[in-house]
Amino acid sequence: MFYSRYADKLGDICYNIGMYIEFVILDNFVLTYLAGAIATALCHKRANVWRLIASATAGTVVAVFYPLMKIGVTAQIAVKAALWVILSCILFIKTPRPILSALLFLCCTFALGGASYAFGLVIYSSAGGAEEFSRKCPLFIVLGAGTVVYFCARYAIKRMRILRARAPYEYGTDIEVFGKRLTFSAFLDTGNCVFDDKTGLPLVITDCERFMKKLDGESSREFLKNLDRFRRITVRTAAGSSKAYVIKPTKITVYSAAGQHTINAMVGLVGGHSFSADHEMLLNPAAVAEEV
């Protein structure tokens, strides 16, 4: 009986140790990988998969044997700091801005590691409940939280990059024509080198359908009535050529974060092309450069 109970207890211990090692391996490997990937993305660098795998493996090996280390608090802090330096070297050695990358990696580790605690805090609304939840919650919750944080951060970084890259080319445009003031969201198209052959003025281009939608009933009828009187020119771009009606507006005002100014240009209306709502008009760089 004694040996039977001892064997059962030993089996339970081995089972618990096995479960602990399995959880630690999966938990640490995935979260270390995600933290390294997010830190790399934050520094505008291409992620090296092999570096991420190597760092995640090294961190996991230490995490498995960490509970077996009978050391004091100071030594524990030293071990964790040394591990952070080693993982940072694996990830960012001989890459641009290694120190900043290492600090971001540390911050990402804290953020991902505290994800389950944050979930517990939301659920139980107490520090004690959150701590208990972070110790006992299923592994998939921690991994799922880490994955959600990773993809949210990745999406936010991508959006910030796009917005920052587009900012110098985003304009608003007011066109006064047929006694009306029409507003367009415009994009400074560096490939737009179209000029009116007769006046020599640069063209700002939009599509006929969108232009018509911005006119009211009376202005729209006037536009259609005089459609045959407008000159037509051939607009040639890298994407091909198309015909465009040329209209002389009363006034064109463009504005951006830097301010607003009036430009001297003609309006070109192309058919068969639908511009997006984000960029309803393509500005000619020559028109913006020769502001008055």
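The values are calculated or read from the model by the stated rules, or taken from the named source; none is laboratory data. Please read these numbers as outputs of a predicted model, since none were measured by experiment. Positions of Cβ are generated from backbone atoms using ideal geometry, with glycine treated the same way; all protein chains shown enter the neighbour counts.
A search for C-beta distances below 9 Å between a residue of the range 21-46 that is buried (at least 18 other Cβ atoms within 10 Å of the Cβ) and any residue that is at pLDDT below 75 and of a type in the set (D, E, K, R), counting only pairs 6+ apart in sequence or on different chains, returns nothing. Might you check whether a residue that is touching a residue at least 40 places away in the same chain (Cβ under 8 Å), among the polar types (S, T, N, Q), loosely packed, with under 15 Cβ neighbours inside 10 Å and over 20 Å from Val149 (Cα atoms) occurs anywhere in the range 55-78? No: the range 55-78 contains no residue that is touching a residue at least 40 places away in the same chain (Cβ under 8 Å), among the polar types (S, T, N, Q), loosely packed, with under 15 Cβ neighbours inside 10 Å and over 20 Å from Val149 (Cα atoms).
Screening the candidates Tyr33, Tyr117, Tyr66 for the property of being touching a helix residue (DSSP H, G or I) at 6+ places or on another chain (Cβ under 8 Å), aromatic (Phe, Trp, Tyr) and under 15 Å from Arg154 (Cβ atoms) yields one hit, Tyr33.
For the range 130-161, give me the residue count where each residue is surrounded by fewer than 16 Cβ atoms within 10 Å (Cβ to Cβ) and either acidic (Asp, Glu) or modelled with pLDDT of 75 or more (or both). Summing the residues that are surrounded by fewer than 16 Cβ atoms within 10 Å (Cβ to Cβ) and either acidic (Asp, Glu) or modelled with pLDDT of 75 or more (or both) in the range 130-161 gives 13.
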